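S.K.: So that we are looking at the same thing, I have put the structure below in structure tokens.
What follows draws every value from the coordinates through simple rules; no lab data is involved. Just so it is clear, the model here is predicted, and its values are computed rather than measured. Here Cβ is always computed from backbone atoms with ideal geometry, including for glycine, and neighbour counts include all displayed protein chains.
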């Protein structure tokens with residue numbers, strides 16, 4: 001039995017990047033995360049969490065990564081945008097095609113990559129925030145405004161990758177004064193080592209780490 005009590009009416013679940021490029025065969029990053037998705041049953045866990053929490057919490061908020069035009073004209077190949085993850089993602093192979101031609105890179109418009117997977121299709125009353133092109137969902141979307149105008153004080157972060165966008169968003173939520181909860185079995189990344197480090201070392205210092213059953217039981 002969970003010892004925590006969470007006010008559902010001031011709680012929002014923020015779902016980070018439930019998209020084909022992460023979660024379906026053929027996606028640019030699926031090959032890296034596939035084993036963990038299967039082993040830890042992350043997608044079924046998310047489906048269960050969202051379905052059962054939707055009638056109770058204030059909002060379900062989707063933060064998908066925004067798509068790029070084919071060829072990534074938005075990013076100068078000599079600029080700082082090519083450093084780190086963005087530069088790596090641009091060169092990742094996919095199974096997607098546009099006009100019969102193979103597509104390289106994540107989040108390319110006109111491919112399935114940027115689309116939210118069918119199992120987690122947003123429902124009436126959910127919010128889909130556009131504009132995310134950074135690790136931290138607060139940085140390039142209206143997430144903070146949306147939470148505050150809905151009188152949310154508890155932010156539950158789930159999605160992908162645990163130690164990239166989930167971590168960045170959770171840290172930002174903490175710094176902005178929100179109560180932070182990360183649902184461990186509703187997040188996923190490339191290795192168990194990375195998952196464990198984020199849960200045990202990072203998230204434990206900025207909020208609560210719970211599993212979906214504990215969270216759902218805690219809602220009042």
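S.K.: Determine, yes or no, whether residue 57 is within 30 Å of residue 12 (Cβ to Cβ), part of a helix (DSSP H, G or I) and touching a helix residue (DSSP H, G or I) at 6+ places or on another chain (Cβ under 8 Å).
M.R.: Against the criterion (within 30 Å of residue 12 (Cβ to Cβ), part of a helix (DSSP H, G or I) and touching a helix residue (DSSP H, G or I) at 6+ places or on another chain (Cβ under 8 Å)), residue 57 does not qualify.
S.K.: Still on this structure, please answer the following. Looking at the stretch 207-220 only, could you name the residues that are surrounded by fewer than 18 Cβ atoms within 10 Å (Cβ to Cβ) and either at positive phi or in a loop (DSSP other than H, G, I, E, B) (or both)?
M.R.: The answer is 211, 220.
S.K.: Next question. Every residue in the stretch 174-202 that is crowded, with 21+ Cβ neighbours inside 10 Å and either under 14 Å from the mean Cα position of the chain (by Cα) or closer than 22 Å to residue 119 by Cβ (or both), please.
M.R.: 181, 182, 183, 184, 185, 186, 187, 188, 189, 195
S.K.: Also, I was wondering about something else. Only residues that are in a loop (DSSP other than H, G, I, E, B), touching a residue at least 24 places away in the same chain (Cβ under 8 Å) and over 12 Å from residue 67 (Cα atoms): list them for the stretch 89-120, please.
M.R.: Listed by number, the residues that qualify are 92, 117.
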